[in-house]
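Asker: Structure incoming, see below.
No lab work stands behind these numbers, since they all come straight from the coordinates. Just so you know, these numbers come straight off a predicted model, no measurement behind them. A quick note on method: Cβ atoms are made from the backbone with ideal geometry, for glycine too, and the neighbour counts reach across all protein chains shown.
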Amino acid sequence: MSADLMRVGEQVDALIAAGARSFHVDVMDAHFVPNLTLGSDFAVALARPVHAADGAVDVHLMVERPAAMIAAFAAAADAISIHLEADPHPHRMLGLIRELGCAAGLALNPGTPVSAIAPLVEMLDFVNLLAVNPGFSGQSFISTAPDRVAAARELLPARAVIQVDGGVDADTLPAVRDAGADLFVAGSALFHSVDPVAAYTELAALARE
């Protein structure tokens, strides 16, 4: 959602050439969050160059009642996360994601206790911990995110991946990395920079430290 949609193909190709292999698609329905963003056709188009490079499309559903959306995005996605806060049946939703061949994740808003994932940890391939309130790009990183990462690491099995989403840049990435995060979703830090490829290269180096 942070990319220049008039140039997104060019930007994706440049990032793939620089080594990027995971692309995060923010889907918003103007109900669960106030914004309205990308649909399944975008994910299908994105999947073509990403999968050709052996990369992955990671779809983050910020939508109410995500069941129908899961089916719509599964053909293009490799991983899908739904919000724990968005559906009363998260266990069922995680099972559906897996049945459709995708890695299954739960996204948590900053105000949701990390302990809420405890009954579902064996169903989870990853957790997406938001470090901003969902709905808009360019927000400031919430300082409690590293503590939430550490709490999630204690709850989750070793195989499960912890993703941090929102406000990730060269200043904030090291703290969540050191707390135990594995994946870092960067939007504005890349696409609002003068040189997205240089910004990606810097963040990728920090992630590997």
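Asker: Roughly how big is the chain's charge dipole about its Cα centre, with Cβ charges of +1 (Lys, Arg) and -1 (Asp, Glu), in debye to the nearest 20? Walk me through the numbers before you get to the answer.
Answerer: On the way: 11 positive and 25 negative charges, 66 e Å.
Charge dipole, the chain, about its Cα centre: 320 debye, nearest 20.
Asker: Also: Give me log10 I(q)/I(0) at q = 0.13, 0.18, 0.21 Å⁻¹ for the stretch 107-196, Debye formula, one equal scatterer per alpha-carbon, no solvent.
Answerer: Cα-only, vacuum Debye calculation for the stretch 107-196: -0.39, -0.72, -0.95.
Asker: Rounded to the nearest 500, what is the chain's calculated 222 nm mean residue ellipticity when only DSSP H runs of at least 4 contribute -39500 (n - 2.57) each, over all residues?
Answerer: That comes out to -10500 deg cm²/dmol.
Asker: Give the Rg (one decimal place) followed by the Dmax (whole number) of the stretch 1-98, computed from C-alpha coordinates and expressed in Å.
Answerer: Looking at the stretch 1-98, its Cα Rg and Dmax stand at 13.7, 41 Å.
Asker: Next question. Give, to the nearest whole percent, the P(r) tail of the chain beyond 30 angstrom, counting all Cα pairs. Can you show the working numbers first?
Answerer: Numbers: 3027 of 21736 pairs.
Pairs farther apart than 30 Å: 14 percent.
Asker: Moving on. Net charge around residue 54, counting only other residues with Cβ within less than 14 Å of its Cβ (Lys, Arg = +1; Asp, Glu = -1)?
Answerer: Neighbour charge sum, excluding residue 54 itself: +1.
Asker: Moving on to the next point. Based only on Cα atoms, what mean projected area does the convex hull of the stretch 94-152 have, in nm²? Don't skip to the end; give the middle numbers.
Answerer: Values: hull surface 18.5 nm².
If you wrap the Cα atoms of the stretch 94-152 in a convex hull and average its projections, you get 4.6 nm².
Asker: Roughly what % of DSSP beta bridges within the chain run antiparallel, to the nearest 5?
Answerer: Counting only bridges with both partners in the chain, antiparallel ones make up about 5 percent.
Asker: For the stretch 150-209, what percent of Cα pairs sit more than 16 Å apart?
Answerer: Details: 763 of 1770 pairs.
The proportion of pairs with Cα distances above 16 Å equals 43 percent.
Asker: Residue separation times 0.36 nm, minus the C-alpha to C-alpha distance between residue 136 and residue 51: what's the value?
Answerer: 27.9 nm
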